[in-house]
Amino acid sequence: MFTPAVTVHVNRDSSERLEAATATFETAESFTLLLEGHDSPTHVHCRLDDELARVASLPQSNYYVEADARTPVPIEVEAGGLEDPVQGYLEVSTGYGAESAAIAVTVEPGPDRVEVDESLSKPQRSPTVQSSEPAEPLFGDLGLPGDVGPAALAALALGAVVVALAVGLAVATIAGGTAAVAIFAVVAVAVVAAVGLRFRPSGSR
């Protein structure tokens, strides 16, 4: 992730010299002050003026900058609650204040920080829906009472079989003559017997 930065050259071409690469800087987020060391090492003091310190902070004030080395100074900015820009100065000095450089910093209002509930990252389980409605009777759709017993069911089944066989017998008589009727009769007896055994009450032998 790219972090905005401003650069101040330290002791370039002469001792106890500070030179800011830019005079103004705008941001809506944290940024980095880069202290670019050159000819000789030195101690550098950094500070934020009162206006800029309202929305920004430094981890510390004093830094030792080595020659030909870069020293990064992170500056934390909190712009989420701002309604208007905040303008202030980032000041860098050396030699006990003998040399200094100032950068005008404008902090623009940034987006509000949104707190994310940790429970939202967990998979959600769908609650089990329990119906309070009583179960429909097995034969409710047929218009039969829910407490129809095996004997009544057997009677209904036999009645349906008899009607079907009667229709089949009539058709066999018309289409196939005596032999077809005889074969149909044997099959009919077998079907009726099977249906009777299927619906025989469990207590009978």
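Here is how the numbers come out for the structure above:
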{"quantity": "Test: residue in the stretch 80-91 that is in contact with a Gly (Cβ under 8 Å, 6 or more places away or on another chain), modelled with pLDDT of 60 or more and part of a loop (DSSP other than H, G, I, E, B)", "calculated": "yes"}
{"quantity": "Count of the stretch 24-46 residues which are open to solvent by 30 Å² or more (accessible area, probe 1.4 Å) and under 12 Å from Thr94 (Cα atoms)", "calculated": "3"}
{"quantity": "Selection count, the stretch 94-108, where residues are of a type outside the set (S, T, N, Q) and either surrounded by 15 or more Cβ atoms within 10 Å (Cβ to Cβ) or part of a strand (DSSP E or B) (or both)", "calculated": "8"}
{"quantity": "Any hit, the stretch 1-19, residues being open to solvent by 70 Å² or more (accessible area, probe 1.4 Å), under 20 Å from Val105 (Cα atoms) and free of Cβ contacts under 8 Å to residues at least 24 places away in the same chain", "calculated": "yes"}
{"quantity": "Residues being open to solvent by 20 Å² or more (accessible area, probe 1.4 Å) and either among the acidic types (Asp, Glu) or touching a residue at least 24 places away in the same chain (Cβ under 8 Å) (or both) - total across the stretch 47-69", "calculated": "12"}
{"quantity": "When residues of the stretch 48-57 are limited to those that are touching a strand residue (DSSP E or B) at 6+ places or on another chain (Cβ under 6 Å) and in a loop (DSSP other than H, G, I, E, B), the one nearest to Val8 (Cα to Cα)", "calculated": "Asp49"}
{"quantity": "Test: residue in the stretch 71-79 that is among the acidic types (Asp, Glu), exposed (fewer than 13 other Cβ atoms within 10 Å of the Cβ) and not in a loop (DSSP other than H, G, I, E, B)", "calculated": "yes"}
{"quantity": "Residue within the stretch 12-29 that is touching a helix residue (DSSP H, G or I) at 6+ places or on another chain (Cβ under 9 Å) and assigned to a strand (DSSP E or B) present", "calculated": "no"}
{"quantity": "Where a residue in the stretch 75-90 is without any contact (Cβ under 8 Å) to a residue 40 or more places away in the chain and its partner, wherever it lies, is assigned to a loop (DSSP other than H, G, I, E, B) and open to solvent by 70 Å² or more (accessible area, probe 1.4 Å), with Cβ under 8 Å and at least six apart", "calculated": "Gly80/Pro111; Gly80/Asp112; Gly80/Arg113; Gly81/Asp112; Val86/Glu51; Gln87/Glu51"}
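The values are calculated or read from the model by the stated rules, or taken from the named source; none is laboratory data. Note that this is a predicted model, so its numbers are computed, not measured. Heads up, the Cβs are rebuilt from the backbone with ideal geometry, glycines too, and the neighbour counts pull from every protein chain shown. What goes into the accessible areas is simple: the full protein's heavy atoms, side chains included, and nothing from ligands, DNA or RNA. Shrake-Rupley method; radii C 1.70, N 1.55, O 1.52, S 1.80 Å.
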